[in-house]
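The values are calculated or read from the model by the stated rules, or taken from the named source; none is laboratory data. Source: prediction; values computed, not measured. Here Cβ is always computed from backbone atoms with ideal geometry, including for glycine, and neighbour counts include all displayed protein chains. Surface accessibility is based on the protein's heavy atoms, side chains included, excluding ligands, DNA and RNA. Shrake-Rupley method; radii C 1.70, N 1.55, O 1.52, S 1.80 Å.
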Amino acid sequence: MPDSVCSYCDSRAVFVREHEGVSFCSSCFRTAVENRFRRTVITHHMLDYNDHVAVAVSGGKDSLTLLHLLVRLEGRFPRSRLTAVSVDEGIDGYRDEALELARTACGKLGVEHVVVSYRELFGTTTDEIASLKLGQTPCSYCGVFRRKAINKAAARIGATKIATAHNLDDEVQTVLLNMLHGDPLRIVRSGPVLKDPRRRFLPRIKPLCEVPEKEIVLYAYLSGLQFQSIACPHGHEALRNDIRSFLNQMEVRHPGIKFTLLRSADRLRTQMGADLPFSELRECLKCGDPTTREFCEACTMLEAVAS
Ligand code: SF4
Ligand code: ZN
Ligand code: ZN
């Protein structure tokens, strides 16, 4: 960190946004992050004045920052409502601490907190699935079950939207992952706002998708947020980790490249999104949830876990 002053006031700078060539003191930095978050929400029409938003809160830096920012924004919309939703995947020595941090943060912010568990919903846990050493990584199962668990919790509380804390780094890693998995159309179907024209899934919004991960870490720290810092013991998504390192190296050498990739994905969506038909949905023969196949992905995975 060079010994410099803030580009917006005379205070000592604590952060340089390389791709914009500006320095921030801690106060101006927090304002800049809050402005970017608000701009994303407004540009993508993420919120309506009377929304009940289910905020997915894991207890990590991203989700606690998201909750903190949404609470500040919600203050301006008296008819809106927030509920934090946490998922207990059953990961010993990891999830308990995160849930406690989420509970404490919700208490401080005065936000209702709902917890659902894989044990309750699916009769198993991520630890148990990991111990089975099935073909795919534990994250493959855990990610599908988490999406279903959050959908169920949001439906239970009558939410109108689901907010998740994906940041810029998560988003651009996923863009490259989809290319490398040979699934480019998934890029077109994803984005900052996911709306199902068939109205079978709740809209999902990602208000932090334009905030880089390192800015979220600093924002959480400067805002005094207590978040979990240890990593999940099962989190070894090899390809995503390689992409993360690659993008971080590229960002150092070519500041702003992550934003360029995000904008490229946005342009693909704008130009191709309307032409992509949505596939027909039917009810999963096991759980009744909407799916394009006989059984939804979660039920198919549960079958594999049980056999
Ligand atoms: Fe689940 Fe993988 Fe995340 Fe751990 S790192 S909580 S296993 S998705
Ligand atoms: Zn300043
Ligand atoms: Zn199902």
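All conditions in (1) surrounded by fewer than 19 Cβ atoms within 10 Å (Cβ to Cβ); (2) modelled with pLDDT under 95; (3) more than 16 Å from ligand 3 (Cβ to nearest atom) hold for residue 288, with the sole exception of (3).
When the stretch 95-110 is filtered for residues that are under 22 Å from residue 158 (Cβ atoms) and within 19 Å of the chain's Cα centre (by Cα), the ones remaining, listed by number, are 102, 103, 106.
Of 199, 186, all but one fail to be without any contact (Cβ under 8 Å) to a residue 12 or more places away in the chain and assigned to a loop (DSSP other than H, G, I, E, B); the exception is 199.
Of the residues 271, 249, the single one that is open to solvent by 60 Å² or more (accessible area, probe 1.4 Å) and modelled with pLDDT under 90 is 271. Can we say residue 11 is open to solvent by less than 30 Å² (accessible area, probe 1.4 Å) and under 24 Å from residue 224 (Cβ atoms)? It is false that residue 11 is open to solvent by less than 30 Å² (accessible area, probe 1.4 Å) and under 24 Å from residue 224 (Cβ atoms). Screening the stretch 92-133 for helices (runs of 4 or more DSSP H) wholly inside it with 3 or more residues that are away from ligand 1 (no atom under 12 Å from the Cβ) and closer than 23 Å to residue 82 by Cα returns the ranges 95-109.
Kindly indicate whether any position in the stretch 228-242 is open to solvent by less than 30 Å² (accessible area, probe 1.4 Å), assigned to a loop (DSSP other than H, G, I, E, B) and out of contact with any strand residue (DSSP E or B) (no Cβ under 6 Å at 6 or more places or on another chain). Checked against the condition, which is being open to solvent by less than 30 Å² (accessible area, probe 1.4 Å), assigned to a loop (DSSP other than H, G, I, E, B) and out of contact with any strand residue (DSSP E or B) (no Cβ under 6 Å at 6 or more places or on another chain), the stretch 228-242 yields at least one hit. Any residue at all in the stretch 245-254 that is within 16 Å of ligand 3 (Cβ to nearest atom) and either in contact with a strand residue (DSSP E or B) (Cβ under 7 Å, 6 or more places away or on another chain) or more than 18 Å from residue 124 (Cβ to Cβ) (or both)? The answer is no; no qualifying residue exists. Summed over the stretch 172-183, residues that are in contact (Cβ under 8 Å) with a residue 60 or more places away in the chain and open to solvent by 20 Å² or more (accessible area, probe 1.4 Å) total 2. Every test in (1) part of a helix (DSSP H, G or I); (2) surrounded by 17 or more Cβ atoms within 10 Å (Cβ to Cβ) is passed by residue 53 save one, and that test is (1).
Residues of the stretch 9-18 that are more than 8 Å from ligand 2 (Cβ to nearest atom) and in contact with a Ser or Thr (Cβ under 9 Å, 6 or more places away or on another chain): 12, 14, 15, 16, 17. The number of residues in the stretch 56-90 that are at negative phi and assigned to a loop (DSSP other than H, G, I, E, B) comes to 10.
For the stretch 34-41, state whether one or more residues are within 14 Å of ligand 2 (Cβ to nearest atom), at pLDDT below 95 and at negative phi. Within the stretch 34-41 (the criterion being within 14 Å of ligand 2 (Cβ to nearest atom), at pLDDT below 95 and at negative phi), the answer is no, since none of the residues qualifies.
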